[in-house]
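All remarks here apply to the structure that follows.
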Amino acid sequence: MNIHHLELFYHVARHGGISEGVRNMPYGIQQPAMSSQIIQLEQHLGVTLFQRRPFQLTPAGQELFAFIRPFFEQLESVEEKLRSGGTYEHVRIGGAEIILRDHLPGPLQAWKKKFPGLRVTLRSGYLPELEGLLQRKELDFAVTLLEDKLPPGLTGVPLLQLSLGLLVPKASPFRSAEDLWQRDKIDDALICLPLREPITRRFQEGLASRGVEWFAGIEVSSLDVLEAYVLNGYGIGLTVIAPKTPVSSGVRVLALPDFPQVTIGALWQGKLTPILQALLNSLQERAKQLTVR
């Protein structure tokens with residue numbers, strides 16, 4: 001088989017189609033050229049490797065992709081190791097923006113002192129996206145909110161329990177969350193993460209137990225964006241109360257002590273390497289520091 005044809009097929013299979021494969025190639029290639037060379041590979045093998053629309057690998061395509069995937073996925077790490085004389089390592093870490101910004105820098109600094117030749121890539125995202133990246137081996141480690149049940153192949157370790165809270169402008173008349181529950185109808189817009197996120201689901205569970213209906217008025221992609229919209233008077237934001245993490249001067253937090261908590265934890269696939277175990281140890285130490293009053 002032509003190795004270049006296999007490389008093209010790998011990117012098509014990984015990204016779900018020829019046009020997506022072209023966009024994600026590490027070097028330039030035109031779509032007609034890629035289509036032509038994939039057809040040559042299929043003609044050489046005498047099989048159809050994937051259905052074009054909608055995209056779906058055939059059994060033969062699945063078998064070939066499973067065979068070539070480990071080779072192409074490890075090319076970058078092998079190249080870096082060879083260039084550095086066999087000692088260089090690259091670790092890809094994912095996490096929510098608030099975790100990467102407020103809680104990872106300390107553990108990361110302590111960790112990198114132990115491994116000075118290490119290169120680190122940080123990628124922000126929330127749980128469903130991070131789980132997918134770990135399963136596709138596009139991340140090595142994640143620090144994120146954990147669900148009660150993890151996808152097959154992933155291992156999670158709890159680090160910290162966080163309580164939910166409502167973010168209101170400093171001038172808001174509400175002094176506690178009970179002021180809201182006593183109303184027949186809550187007119188203020190709820191600003192929150194999408195429903196698929198554990199924070200929002202736990203909040204809705206707490207509302208349901210009180211017989212209160214209050215659904216998202218504005219969905220945002222991060223807690224930083226949420227805080228900005230609260231500051232500008234768009235509504236009340238659903239957040240988490242992180243210990244020893246101050247909020248902006250223009251907002252206040254209304255505690256939700258009787259609502260379900262959420263768990264921040266570490267998440268990975270397979271067996272921890274010594275380097276990742278050292279990172280986990282640093283994160284566990286950070287979590288202990290945050291919980292000490």
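All of the numbers you see were taken from the coordinates with simple rules; none came from a lab. A quick note: this is a predicted structure, and the numbers were derived from the prediction, not measured. Every residue, glycine as well, gets a Cβ built from its backbone with ideal geometry; the counts of neighbours run over all protein chains shown.
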*Measuring from label point to label point, each 7 Å out along Cα→Cβ, what is the ARG53 to HIS15 span in nm?*
2.0 nm
*Using the 2.2 N^0.38 Å rule of thumb for compact globular proteins, work out how the chain stacks up: its C-alpha Rg over that value, please.*
1.24
*asked:* If the reach is capped at under 18 angstrom between alpha carbons, list the aspartates and glutamates near LYS113, excluding any in the same chain fewer than eight residues apart.
replied: GLU89, GLU285
*Convex hull volume of the Cα atoms in region 1-160, per residue, in Å³?*
150 Å³
_In whole Å, what are the extents of region 192-261 along the principal axes defined by its C-alpha atoms, from largest to smallest?_
32, 26, 19
*Once the piece of chain linking SER222 and GLN109 is laid out straight, how much longer is it, given 0.36 nm per residue of separation minus the C-alpha distance between them?*
38.3 nm
*aspartates and glutamates within cross-link reach of LYS288: Cα-Cα under 17 Å, excluding same-chain residues under 8 positions apart?*
ASP102
*Short version: ³J(HN,Hα) in whole Hz for each residue of region 31-41, in order, from phi by Karplus 6.51 cos²θ - 1.76 cosθ + 1.60 (θ = phi - 60°), x for Gly and Pro, what are they?*
4, x, 5, 5, 4, 4, 6, 5, 4, 4, 5
